[in-house]
1. P(r) for the stretch 26-145: what percent of alpha-carbon pairs falls in each 5 Å bin, starting at zero?
2. Using θ = phi - 60° and the Karplus relation 6.51 cos²θ - 1.76 cosθ + 1.60, list the HN-Hα couplings for the stretch 37-44 in order, rounded to whole Hz, with x at every Gly or Pro.
3. Return the long-range amide H neighbours of V28 (sequence gap of 5 or more, or a different chain), with a cut-off of under 5 Å between placed amide H atoms.
4. List, in order, the whole-Hz ³J(HN,Hα) value for each residue of the stretch 75-88 obtained from phi through the Karplus relation with A = 6.51, B = -1.76, C = 1.60 and θ = phi - 60°; use x for Gly and Pro.
5. In the stretch 26-145, if the dipole is taken from +1 on Lys/Arg beta carbons and -1 on Asp/Glu beta carbons about the Cα centre, which of M138, N27, G119 is farthest to the positive end?
6. Can you list residues whose amide H is under 5 Å from R64's amide H, if they're 5+ apart or on another chain and H is modeled 1.01 Å from N?
7. Of V96, T53, F73, which is farthest on the positive side of the dipole of the stretch 26-145, counting Cα position, with +1 on Lys and Arg Cβ, -1 on Asp and Glu Cβ, and the Cα centre as origin?
8. For a label point 7 Å from the Cα of N27 along Cα→C-beta, name the residues of the stretch 107-132 whose backbone N is under 17 Å from it.
Amino acid sequence: MHTLKKTAVAVMMVTGLFSAQQVFAKNVKVTMTAMEVDLAVNNKGDAKMAAWTFDGSIPGKPVRVDEGDTVDFTLINPPENKNSHAMDFHAAQVDVLNEFGEIKPGQTKHFKFEAKVPGVFMYHCGASTMAQHIAKGMYGMIIVDPKDKRIIQKQTVNIC
Ligand SMILES: [Cu+2]
């Protein structure tokens, strides 16, 4: 095969693979509700703590997407809550003061991000005071599976 033909075939294959990846990238809707609830902390269920949670559980539900997917996220802070809450996805590379900003009871926040970096990342409430919101239960994990399952890239992302 002539070099020019080989080059043309290679270009077509790479273009085809790139297009296939674009086609397979998904829009993944994730909705969580900030819930201030009393949760049992012993097996009998008679000892409870005033917990702040995502969807009523500690930790919050795991979120799992593929590298390149768009996470289409909505946080609901119901009006019956007493505190502001927020969502800080460490897998996201966004304007943290905007997307991760807290919302008051009765408000809803929506933002999207592309999961660009594969790995396992924490998510947590970032409302003030952040350590208190995490200690009371507002944390979980997001897994971003790599496109190439053999490779986990080592990169630095949002650590706050
Ligand atoms: Cu919170």
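What follows is calculated from the coordinates using simple rules that are stated; it is not laboratory data. All figures in this text were calculated on a predicted structure; none of them were measured in a lab. Because the Cβ atoms are built from the backbone with ideal geometry, glycine has one as well, and the counts that use them run over all protein chains shown.
1. P(r) over the stretch 26-145, rounded to whole percents: 2, 12, 22, 24, 18, 12, 6, 3, 1.
2. 9, 8, 10, 5, 10, 9, 5, 6
3. Amide H neighbours of V28: T70, V71, D72.
4. 10, 10, 10, x, x, 6, 5, 9, 10, 6, 9, 7, 10, 10
5. M138
6. I143
7. The residue sitting farthest along the positive end of the dipole is T53.
8. Counting backbone N atoms under 17 Å from the label point, the list is 110-115.
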